[in-house]
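Worksheet: one structure, shown below.
Derivation of every value follows stated rules applied to the coordinates shown; laboratory data play no part. None of these values were measured; they are calculated from a predicted model. A quick note on method: Cβ atoms are made from the backbone with ideal geometry, for glycine too, and the neighbour counts reach across all protein chains shown.
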Amino acid sequence: MPRHPRKPRRLVADGRVYLWTLRHSHSVLDSGRSASCREVLTLCPQPAGIGGPLRIVFVEGPGRYVPGGFPMGSGDVGYVRGASLNLHEPGAVRALLDAAAAHGWLPGQRQALEIDGWLVLETAAAARAGDAGPAGQ
């Protein structure tokens, strides 16, 4: 049976447990039309109360893509000519978590923290590419 798309997923990293969700949204113009797409990856340290959530936000802009589905997959974010990640992949989420930690986020912080995903995308994508390694190894 397929996983329910709104149900949080579990990630274990460095002995800590996180629940994570991915949401796609749009800002709405005064005319009522939807505008810029955004993907919000939220990681919540577990058990609840040991730390505030980390929100990694990707907002579309010049040279960046944040599609909402067809023809590209849901959860894909990246630079038109550069690094990209699929935010539905646990390895990509782990790489973003590690990049956020290297950027100064501490999992024990009590308050919620929102960071611009574009600041950590290239680092996370490079880490993912390194995990894949050359074919045959």
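With a simple spin-label model that places each label point 7 Å from the Cα along the Cα-to-Cβ direction, the separation between His26 and Ala129 comes to 3.2 nm. Around Ala83, what is the net charge, scoring Lys/Arg as +1 and Asp/Glu as -1 over all other residues with Cβ under 13 Å from its Cβ? Local net charge: +1.
How do the peptides 42-49, 86-93 rank, highest first, by the average count of neighbouring beta carbon atoms within 10 Å per residue? Display every interim value, and only then the final one.
Values: 42-49: 15.9, 86-93: 17.5.
So the peptides 42-49, 86-93, ranked by packing, come out 86-93, 42-49.
What you get for the stretch 37-123, charging only the Cβ of Lys and Arg (+1) and of Asp and Glu (-1), is a dipole of about 120 debye around the Cα centre.
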